[in-house]
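Some notes on the structure that comes next.
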Amino acid sequence: MPLKLGRRTFIAAAAALSFTYPNFASAADQVVDEIHFLIPGGAGGGWDGTARGTGEALTKSGLVGQASYENMSGGGGGKAIAYLIENAESLDNTMMVNSTPIVIRSLTGVFPQSFRDLTLVAGTIGDYAAVVVGKDSPINSMSDLVAAYKADPSKVAIGGGSVPGGMDHLVAAMAMEAAGEDPTAFKYIPYDAGGKAMAGLLSGEIAALSTGFSEAVDLANAGEVKIIGVTSGERVPAYPDAPTMKEQGLDTEFVNWRGFFAAPGLDAAKVAAYQDAIAKMYDTPEWEEVRARNGWVNIHNPGDDFKAFLENQEKQIGDLMKKLGFL
């Protein structure tokens, strides 16, 4: 989303097909022999970094014997999803990474499939959303932002790094709705790059910026912005000075998750093995190194919990997109 919610810059180990991490640890605790990670986007993006980082932790910890990777861009992620479904019988060692866009793009018909057409393995990490203002802005809280909007709606625009109807826009709309305002009435300005969004914030073109929490923390640590609201249930230890929306009276929670799916009809024992490996991964120093390096938040939702989480997010996003006129 934000400047694409959860978008981080990753140095890809390979530009396209396969790359294998050798197993540097003992295989005494090995749970799975091998995993082939299917990545619906190009090298260097959030999906790519999540798959390669997870594979690195799993193999270096010895939980998985070896991991390989395949980038398959196209159709907003739809090409990889269709490939996984159409070749299900031969892809029993494959896990596909995905995130919130599988819900949004399914709702909007970018591709005909949904998460229900796949085997749900587990949600693994997440990035909350945040609203920030310039360091010298007179706005210091969500209450200040809403008050400024009420005083003169024409002078208070909110920007984001996604298109109208994308995650940045939806999060801003959720916050405005929670404040009792019409979520369709405020002015949203999309930017296609973080630098342009910051320029818009500093020039006064926008009063606030909707972005990913990890990006917001980077900007705050650089002294460029103030974080005035986070969509987490509680303050995030990575930046405890950032207040949540909820503690400011706005009933708004949102997380851009990333997780893993397998081919439909995959053997239950293989699914259980994947889930076991991921569950054990969280307790390894190898995973903590990868997680901390990328600024990820641990969000573990295996199996049925993952399904319930996705169904709840689908309803939340779907209801809001209908109000905004995108569905």
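The values are calculated or read from the model by the stated rules, or taken from the named source; none is laboratory data. In this text, all values refer to a predicted model and were calculated from it rather than measured experimentally. When we count neighbours, we look across all protein chains shown, and the Cβ atoms used for this are built from the backbone with ideal geometry, even at glycine.
For the reader, a short list of remarks on this structure follows.
- Candidates in segment 110-131 are the residues that are of a type outside the set (Asp, Glu) and not in a strand (DSSP E or B); of these, the one that is surrounded by the fewest Cβ atoms within 10 Å (Cβ to Cβ) is Pro112.
- Boolean, Arg293 is among the charged types (D, E, K, R) and assigned to a strand (DSSP E or B): no
- Each residue in segment 135-179 was checked for being more than 21 Å from Lys246 (Cβ to Cβ), modelled with pLDDT of 95 or more and surrounded by 20 or more Cβ atoms within 10 Å (Cβ to Cβ), and 1 of them qualify.
- Only residues that are more than 22 Å from the chain's Cα centre (by Cα), assigned to a loop (DSSP other than H, G, I, E, B) and over 18 Å from Val121 (Cα atoms) were counted in segment 31-73, giving 2.
- Residue within segment 228-250 that is within 17 Å of the chain's Cα centre (by Cα), in a helix (DSSP H, G or I) and more than 20 Å from Phe115 (Cα to Cα) present: no
- Taking first residues from segment 95-124 that are within 21 Å of Tyr69 (Cβ to Cβ) and partners that are crowded, with 17+ Cβ neighbours inside 10 Å and among the hydroxyl-bearing types (Ser, Thr, Tyr), the Cβ contacts under 7 Å between residues at least 6 apart in sequence or on separate chains come to Met95/Tyr274; Val97/Thr50; Val121/Tyr274; Thr124/Thr54.
- Scanning segment 198-217 for residues being of a type outside the set (Phe, Trp, Tyr), surrounded by 15 or more Cβ atoms within 10 Å (Cβ to Cβ) and either part of a loop (DSSP other than H, G, I, E, B) or at pLDDT 85 or above (or both) gives a total of 12.
- Residues of segment 227-245 that are over 19 Å from His169 (Cα atoms) and not β-branched (Val, Ile, Thr): Gly233, Glu234, Arg235, Pro237, Ala238, Tyr239, Pro240, Asp241, Ala242, Pro243.
- Flag for Leu250 being over 27 Å from Ile104 (Cα atoms), touching a residue at least 40 places away in the same chain (Cβ under 8 Å), surrounded by 14 or more Cβ atoms within 10 Å (Cβ to Cβ) and aliphatic (A, V, I, L, M): no
- Checked against the criteria, Thr244 counts as assigned by TED's automatic domain parsing to the domain that holds Phe186 and either surrounded by 18 or more Cβ atoms within 10 Å (Cβ to Cβ) or within 29 Å of Val110 (Cα to Cα) (or both).
- Residue match in segment 74-83 (condition: assigned to a helix (DSSP H, G or I), without any contact (Cβ under 8 Å) to a residue 12 or more places away in the chain and surrounded by fewer than 17 Cβ atoms within 10 Å (Cβ to Cβ)): no
- Selected residue (criterion: nearest to the chain's Cα centre (by Cα)) from residues of segment 274-293 that are crowded, with 18+ Cβ neighbours inside 10 Å and of a type outside the set (D, E, K, R): Val290
- Inspection of segment 308-315 finds a residue satisfying the criterion of being surrounded by fewer than 16 Cβ atoms within 10 Å (Cβ to Cβ), in a helix (DSSP H, G or I), polar (S, T, N, Q) and not assigned by TED's automatic domain parsing to the domain that holds Met167.
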